[in-house]
Amino acid sequence: LFLFADAVREVKKYSAVHVNEKAANVNANAFDHIQMKLFRSQRNLYLSGFSLFLWLVLRRTVTLLTQLAKGMASHAALETQVNDATEAAKKYMAENERLQEALSEKGSSKKKESAEATDEKLKEEVEHLKAELQKTSNALHKANNEVTAVKKQSEGLKREYDNLMKEYEWLQ
C-alpha cells in the first residue's frame, strides 16, 4: 500500500514538471532525464497497483477455500450422524418386531391372567420403544435437513468461487 501511494506521488511529481523550450534546446538531456523518471514512476505505479489487486484476490480466494473446507467437514460429520441414526432406527424396529412375535407366541401358552399381565408389560415396552423410535426418527429428519442446508451452502460457496475465478481470468 505504501509503495502504491509513493508511486502515485512520483507520477504526479514528474507529470507536473515541464521544461521550457529554451531550456530543452540548451540541455536536451534534462528533458530525457525527466521523461525517464516519469516512465519509471509510472512503471512502479502499475506494478504496485497490480500487486495490491492480486493480494486482494488471493486473500478472498483463501477465505472462500477455508469456508468451503469447513463446510465439507461439517457435511461429512452430518452424514456419519445420519447413518448412525438410521442404524439405530433399524435396530429399534427389528427389536419391536421381535417383541411382537414373542408376545404372540407367549399368549397362546400361558394362562389368561398371566397373559394379560405379560401383554400389559409388553405393550408398555412397545410404547416405550415406539417413543424412542419417534425420537430417533425426529433426529434423523433434523440431521437430513441440516445436511441439505450444508449442501446448499457448499453449492453457493462453489458458485461464488467459480464467479471469482471467472472474474480473475477476465481481468488477466
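The values are calculated or read from the model by the stated rules, or taken from the named source; none is laboratory data. For clarity, every value in this text was computed on a predicted model and none was experimentally measured. With ideal geometry, Cβ positions are generated from the backbone for all residues, glycine too; neighbour counts draw on all protein chains shown.
Can you pull out every residue in the range 40-72 that is aliphatic (A, V, I, L, M) and either surrounded by 14 or more Cβ atoms within 10 Å (Cβ to Cβ) or modelled with pLDDT under 90 (or both)?
To start, the set of residues in the range 40-72 that are aliphatic (A, V, I, L, M) comprises 45, 47, 52, 54, 56-58, 62, 64-65, 68-69, 72.
Hits for the range 40-72 are Leu45, Leu47, Leu52, Val57, Leu64, Leu68.
In the range 1-30, the residues that are farther than 30 Å from Leu54 by Cα form no Cβ pair under 6 Å with any partner that is modelled with pLDDT of 70 or more and not in a helix (DSSP H, G or I), whether six or more places apart or across chains.
Listed by first and then second residue, the pairs linking a residue in the range 44-60 that is more than 13 Å from Gln172 (Cβ to Cβ) and in contact (Cβ under 8 Å) with a residue 12 or more places away in the chain to a residue that is in a helix (DSSP H, G or I) and of a type in the set (Val, Ile, Thr), with Cβ atoms under 8 Å apart and 6 or more places separating them unless they lie on different chains, are Leu45/Val8; Leu45/Val11.
Among the candidates Asn83, Asn44, the residue that is closer than 30 Å to Lys13 by Cβ and either hydrophobic (A, V, I, L, M, F, W, C) or part of a helix (DSSP H, G or I) (or both) is uniquely Asn44.
Residues of the range 140-164 that are within 9 Å of the chain's Cα centre (by Cα) and of a type in the set (Val, Ile, Thr): Val150 alone.
Is it the case that Glu169 is exposed (fewer than 12 other Cβ atoms within 10 Å of the Cβ), modelled with pLDDT under 85 and of a type in the set (Asp, Glu)? Steps first, please.
Working: exposed (fewer than 12 other Cβ atoms within 10 Å of the Cβ): yes; modelled with pLDDT under 85: no; of a type in the set (Asp, Glu): yes.
Taking the combined requirement at face value, the residue does not satisfy it.
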